Amino acid sequence: MTVNTPLCFGGKTILAPMVRVGTLPMRLLALDYGADIVYCEELIDIKMLQCKRVINGKYKVLETVDFVAPNERVVFRTCERERHNVVFQMGSADAERALAVAKLVESDVAGIDVNMGCPKEYSTKASMGAALLSDPDKIESILTTLVKGICKPVTCKIRILPSVEDTVNLVKRIEKTGIAAIAVHGRKKEERPQHPVHCDVIKAISEAVSIPVIANGGSHDFIKEYTDIETFRKATAASSVMIARAAMWNPSVFRKEGLFPLKEVMQDYIKYVLRYDNHYTNTKYCLCQMLREQLETTQGKKLHAAQSTQEICEVFEMADFYEETTAIFKAKKTSLEAETQDEDDQMEDPDVIKMAVRFDKREYAPQITPKMYLLEWCRKEKHPQPVYETVQRPLDRLFCSVVTVAEQKYRSTLWDKSKKLAEQAAAIVCLRTLGVPEGKLCEGENQLINKRKREDQERLNNRDHGDLAEPSHKKANFIEGTSDLNVPKM
């Protein structure tokens, strides 16, 4: 049995949280090069609370844990490799929301951090980031709630205040909340990277508290390679050092043996990009940060012009690796889909009538759907209204719907990306089996469309006479919409 040791923050080299940079490929690369702890980019509490936790990642091929937004965008992706080293940083200004997010991700990360130092407007205007520095009561509330509410260690990252005394007093108050460590960016909220880092203030904090202090902000003045990390640590008397821009420029800064050539670093990074399906825009951004002054070279211009992961691989002489990796993933996906299909076949009800169909709204008259045609047919034939049972497949989060009409079940063998599309497909299967029009444009103008036109005209006439009664097709729309309310899931 594996015993999980709580994360220790003393004597560590740490990848700092960086927006757009601290995604999974960069975190894993930093760990490979020697980082002890990696922080993810700041993620806002409200956005995280909209996410669904999905195990096994995209089609199971990635073997990740994803937190997926309603628009299908992956907000946070992690994997087993970093589970005991990654700290989840959130932006929050509310203790209960912060706790809800922490509970959502707690089992997948090694620690939770609250951003209290970001000076950017998108953070401060929502009372998050550096805005919290002027509200010690809220800081205390958020951190105390987290420490009491979860089992993983809690940290926070701050900037320094205008005076050393005020900064030390704030940190002492923060220490009393029970957090495991505090990261200090040695600049004030209005200062930028070109301003000198205030090592003396970080040192005063380190000497005033007993919890580990993590020094941050040394890239410009101190850290160019691994040996500089200790120089910065001694200058601040801190327990550990957190590195942002120096690691963004070349994450092999964590290597005790020295920096790797940039070309090799970028190729290592791209391998993780492919392995974990990183979006090409994020990949492109991170590679541009590494190239920096080389962006005006031929290679830099090609990178700037790249519009896909494949094109990025071509820029860095990795086209063959892209093809090999893509082929491996495609084969694995095909194998997993075959296994899933076998499972579907074993569970299949032999009495269900099936067809391989999809609903494409471009093929149907505006405002008319197969579900409406089926509902109208059932009314005409005096059958109960159609009943839809929709399930979601865990493998790829696609949907399949079975519609029951006159005690017979119908479904499409093709899985769809939404419940609504799956239900429309099931309705099509039923209509085609019955030989009933489904509303396709190629069928020409038919009875239901003519009925809708008549009802719309009647409504206009009634409105002229003060009668505001709704036509029957409006009620039909309402009935159709209720099928989404109670959807069972696998």
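The values are calculated or read from the model by the stated rules, or taken from the named source; none is laboratory data. Predicted, not measured: the structure shown is a model, and the values here were computed from it. Neighbour counts run over all protein chains shown; Cβ positions are idealised from the backbone, glycine included. Note: accessible area is taken over every heavy atom of the protein model, side chains too, but ligands, DNA and RNA are not part of it. Shrake-Rupley method; radii C 1.70, N 1.55, O 1.52, S 1.80 Å.
In a fully extended conformation the segment linking Lys330 and Val352 would gain 4.8 nm over its present Cα-Cα distance, using 0.36 nm per residue.
Students often check this: by mean Cβ neighbours within 10 Å, which of 430-437, 90-97, 49-56 ranks highest, and how do the rest follow? Don't skip to the end; give the middle numbers.
Values: 430-437: 17.0, 90-97: 21.4, 49-56: 14.0.
Descending packing order for the listed peptides: 90-97, 430-437, 49-56.
Accessible surface computed residue by residue for segment 12-262, with neighbouring protein chains in place and a 1.4 Å probe, gives 39 Å² per residue.
Computed over neighbours whose Cβ is under 12 Å from that of His304, the net charge equals +1, Lys and Arg +1, Asp and Glu -1.
The residues of segment 352-434 expose, per residue, 48 Å² of accessible area to a 1.4 Å probe.
Legend: residue pairs Lys52/Lys417; Lys60/Lys330; Lys263/Lys332; Lys361/Lys417; Lys332/Lys420, Cα-Cα distance threshold 20 Å; pairs beyond threshold, Lys263/Lys332; Lys332/Lys420. Considering helices alone, the calculated mean residue ellipticity of the chain at 222 nm is -13000 deg cm²/dmol, with DSSP H runs of length four and up weighted by -39500 (n - 2.57) and normalised per residue. Take every DSSP beta bridge whose two residues both sit in the chain; close to 40 percent of them are antiparallel. Sparse packing (at most 11 other Cβ atoms within 10 Å of the Cβ) combined with a DSSP loop state is found for the following GluC sites (Glu not before Pro) in segment 228-290: Glu257.
Taking all protein chains together, Cys288, Cys378 sort by accessible area into Cys288, Cys378, largest first [probe 1.4 Å]. For the chain, the carbon plus sulfur part of the accessible surface works out to 51%, probe radius 1.4 Å. Counting only residues at least eight positions apart within a chain, or on another chain, the lysines with an alpha carbon under 22 Å from that of Lys203 are Lys12, Lys157, Lys172, Lys176, Lys188, Lys189, Lys224, Lys234.
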